[in-house]
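Student: One structure follows; several queries about it will come next.
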Amino acid sequence: MFIEERILTLFKRNWQHTLTYWSVFFSFGLCIAFLGPTILDLQCQTQSTLQQITWVFFSQQFCLLIGSSIGGVFKKTLFSALSALFLSSLMISVIFAIIPFCYNVLILAIAMAVTGLAMGVIDTIANIQLVAIYQKDSAVFLQALHFFIGFGALVSPLIADPFLSEHCGNSTGGDESVHFHHRMTVYNIERSNISTPTPEHVEKEESIVSYAFWIMSVINLPVPIAVLVLMYLEKLIPCCPGSKTRLLDKDELSMEAQGTEAAPAPAPEPEPQQKDDEVGGHGDIFSCCKNGNLSGLPPSFFGIHILGGVVLFMTDGIVGAYAGFVYTYAVATPMSLSPKDAGYLASLFWAAITAGRLVSIPLAYRFKPVRLLMVNLAGVIVTVLLLLLLYTSSTFLFVGTCLLGLFLSSIFPCMLAYTEDILEYQGCATTVLVTSAGLGEMVLQVVVGSIIHDAGSYSFLLCGMIIGCIGFIVFFGLLLCDRLHSNYLTGTSKKTAMVEEPSTEDNNSKMTTPNHS
């Protein structure tokens, strides 16, 4: 078979949990991509300047980082983990529904901050729970998990696009100026033979983007319902007792029945608690730092966490920066694409990420995560280098956008599987990596945007090249830490064996002494 029977059995045993975590990541994807294409409609809605509306991006990314950092607090029991996922996914639907009524930029920023917090909690908990369930076999399932981010991020702009207005008027009265979309003004300014339209020549258009947010709210509603169903099956809803046997217990009984068949029934064992007790080694970022067991660990242990986090800081930063500014780069000189053509680039980028994560599911089964990481990081550098060299080719901009999305798509799940495997699922790698990725997306998006504003559009690709090279160099440092940590574990196991061997020989001598007397 293409996939081992053992992995299929693991999936059958945990399919309810797995599908639920996958669906929750769909909510994450919806949230992460809708703000970009609708930001100018929201600017018109809130009657704010472009500089003011950028704080909406910052508030979402900053709270996403906070949510990622504290998300591990909720993983201590299955009840707290699923409750947090239920509230987070439900909150996303609620925020989508109320965004059309946010006529003040501060209120909109607060709403986006709430979604960012929910996204951060979802990101950490879903990754931790899948790693805890599948451990050494988690790479395949993590690839599928992050496929659903790309799927949600692909659906979101497709829903919003038909409802985006080319321009909209100031509906609050007083100021009769018209807010033009960036995709209109930049395109017209770049063409000297076409005069830039003025407010007097443009008919005001009422924004209908509200319908897009309400549609996304309805589409997201099945996700919290799925989490609630899983809580019911696990008998975690006090007012709904459900069946007498918990879902996990049923899985254990079915597995025992398949494995024993004609063998005598084993003695009853205590109820398994691996999903209700604390998942070993994982927690929020603060509890990881306070762990009392850190004093006896080698430097390589900390190096793996730090270097793995830096790699994701760089690569997720590229994802955020490219998705946020590829349109700005495309409509500016020397590319000077039309607004309609440039608008396809962000959708193509997310479509490539979605397709890449789908393709990575079978690849993760056949190849080790470290090999996939090597290929993907090298592919990112080569693609950005070609984009730099062919900076006047609009055709290769589309091709390069597609390739960049494919190479970036599976770096996060591969890095997560790789570092957790090195640490034997006893560290805080999931929490550290999720936090680092969120931090990179927040910081580098702001930094790259500032550089583009000061140095011009060409610096967009130059920043991507520098960031990609730094990530690739740091990855080699991670490989060195992996080797050092393996040597440390090998030395520790040898010392343990040497300590245990004399005691075994003493016991054997004591057992044979009476035979000689």
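Student: For the range 385-478, what D do you get in µm² per second when you plug the Kirkwood radius from alpha-carbon pairs into Stokes-Einstein at 37 °C and 0.692 mPa s?
Tutor: Translational D for this selection: 215 µm²/s.
Student: Counting only protein heavy atoms, what percent of the accessible surface of the range 299-495 is carbon or sulfur at a 1.4 Å probe?
Tutor: Carbon plus sulfur share of accessible area: 71 percent.
Student: What's the extension gain from residue 5 to residue 58 if we count 0.36 nm per residue and subtract their Cα-Cα distance?
Tutor: Gain in length upon complete extension: 14.5 nm.
Student: Then there's this: Using only the Cα atoms of the range 299-495, what do you get for the radius of gyration and for Dmax, in Å?
Tutor: Final numbers for Rg and Dmax: 17.9, 68 Å.
Student: Can I ask one more? Whole Å is fine, so just give me how far the alpha carbon centre of the range 104-153 lies from that of the range 9-36.
Tutor: With the range 104-153 and the range 9-36 each reduced to a Cα centre, they are spaced 8 Å.
Student: Can you sort 123, 454 by solvent-accessible area, 1.4 Å probe, largest first?
Tutor: 454, 123
Student: Report the charge-dipole magnitude of the range 299-495 in Debye, nearest 20, computed about the Cα centre from +1 at each Lys and Arg Cβ and -1 at each Asp and Glu Cβ.
Tutor: Roughly 500 debye, rounded to the nearest 20.
Student: At 1.4 Å probe size, put 458, 365 in order of accessible surface, largest to smallest.
Tutor: 458, 365
Student: Further question: In whole Hz, what ³J(HN,Hα) sequence does the range 303-319 give by Karplus (6.51, -1.76, 1.60; θ = phi - 60°), x for Gly and Pro?
Tutor: Each residue's phi maps through the Karplus curve to give x, 5, 4, 5, 5, x, x, 5, 4, 6, 4, 6, 6, 5, x, 5, 4 Hz.
The values are calculated or read from the model by the stated rules, or taken from the named source; none is laboratory data. Note that the coordinates shown come from a computational prediction; the quantities given were computed from them, not determined experimentally. So basically every Cβ, Gly included, is an ideal-geometry build from the backbone, and we count neighbours across all protein chains shown. Side chains included, ligands, DNA and RNA excluded: accessible areas come from the protein's heavy atoms. Shrake-Rupley method; radii C 1.70, N 1.55, O 1.52, S 1.80 Å.
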